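What follows is a set of notes on a single structure, which appears directly below.
Where a number appears in this text, it was derived from the coordinates with a stated rule and is not lab data. Source: prediction; values computed, not measured. Here the Cβ positions follow ideal geometry from the backbone for every residue, glycine too, while neighbour counts run over all protein chains shown.
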C-alpha cells in the first residue's frame, strides 16, 4: 500500500490576520503531516522559509526547485519517506514555451512563474518504480492552465514509465479545459476510487474559516494516476489542529496499491 497526498499549504507571505501567518500555522501543519503517515507528498506554495522548516520532517527526503527569484518565490516540492523509497532521478521544468529555463508564460497570459517538479522513485523493498509529478497551475489564466496540461501530458508521453502519479493544485474545477486534457492519459482518483471520504472539494477560503460545515468547497486539488494501480480509497482530510485549519486548502489523500 502507498499513501499519497497533495497539499497546498498556503505560502508564508504576511497576511492581515496575525494568527494566520506561517509562524502560527507551522506546528499544526507538521503535526498533521506526521499523523497521516504519508509515503509520498506533493506540496504547493512552499516559500523559502517553509522549505527550510520542512527539513524538520527528518523521515522525509525533499526534492524541488524554486520557481522564480522573487522574495516569496515558491517550490512545488515532492517529499518521500526515506525508509521506503530512493530517488533515482529528479528535475523541475517550467510551464512555459521554454521549459528548461526559469521563465513565465506571458504568451499564455500567465500571472506567475509556474513549474512542475518530478521524481523517479524506487521502492527499496520491491524494486518497483513510480514517476511522481507535482505541479501548481496558474490562478488567473485559463489559457495558461490549458497549455500547462498539454505540456505535462507531452512530458509524460516522452517518458517510458508506466506507473505515474500526477498531483497538485490545478486552480481549476473539472469543468475547465485543462481537466479533460489530463484525463486523456490519467485517472482521477477521486472519481475512480472504491471509497471517497470527506468533503467533495478541498479549497476552503483564504480567510481561514473556523468551520466548513455546510460550506461548498471547490475541487481544484487533484491526484491522478496511470498504469497498474488499484485505488481502494481517497480522503479529503478535514482535520483542524487548534481553532482553524493549517492552510486555506485541505489535503487530498489517496491509498494506492501498485499491481
**Asked** Which label marks the calculated value of semi-axes √(5λ) of the Cα gyration tensor in Å, given the options (1) 35, 20, 16; (2) 30, 25, 18; (3) 24, 22, 19?
**Response** (3)
**Asked** What FRET efficiency do you get for residue 211 and residue 175 if R0 is 22 Å and r is their Cβ-Cβ distance, rounded to the nearest 0.05?
**Response** 0.25
**Asked** Using a Gaussian network for the chain with springs between C-alpha atoms less than 10 Å apart, which of these wobbles most: 14, 77, 232?
**Response** 14
**Request:** Evaluate the relative contact order of segment 143-259 (contact order divided by residue number), counting alpha-carbon pairs under 8 angstrom at least 6 apart; express in whole percent.
**Result:** 30 percent
**Message:** At a 10 angstrom cut-off on C-beta neighbours, averaged per residue, how do the peptides 199-210, 158-169 rank from highest to lowest?
**Reply:** 158-169, 199-210
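Using only the Cα atoms of segment 220-259, build the gyration tensor, take square roots of its eigenvalues as a ≥ b ≥ c, and label the shape rounded, prolate or oblate: rounded if a/c is under 1.5, else prolate if a/b is larger than b/c, else oblate. Don't skip to the end; give the middle numbers.
Working: a/c = 4.89, a/b = 2.54, b/c = 1.93.
Prolate is the answer for segment 220-259, as a/c is 1.5 or above and a/b outweighs b/c.
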**Request:** For the chain, set up a Gaussian network in which alpha carbons nearer than 10 Å are linked by springs, and say which option among 36, 145, 62 fluctuates the most.
**Result:** 36
**For segment 226-250 versus segment 170-192, the gap between their alpha-carbon centres in whole angstrom** = 17 Å
**Message:** Just to be sure I understand: with springs between alpha-carbon atoms less than 10 Å apart, which residue in 74, 122, 194 has the highest mean-square fluctuation in the Gaussian network model of the chain?
**Reply:** 194
**Request:** Return the calculated 222 nm mean residue ellipticity for the chain, to the nearest 500 deg cm²/dmol, obtained by summing -39500 (n - 2.57) across DSSP H runs with n ≥ 4 and dividing by the residue count.
**Result:** -5000 deg cm²/dmol
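If you take the square roots of the eigenvalues of the alpha-carbon gyration tensor of segment 61-214 and sort them as a ≥ b ≥ c, do you get rounded (a/c under 1.5), prolate (a/b over b/c) or oblate? If you can, show how the numbers build up before the last one.
Numbers: a/c = 1.38, a/b = 1.08, b/c = 1.27.
Rounded, since a/c falls under 1.5.
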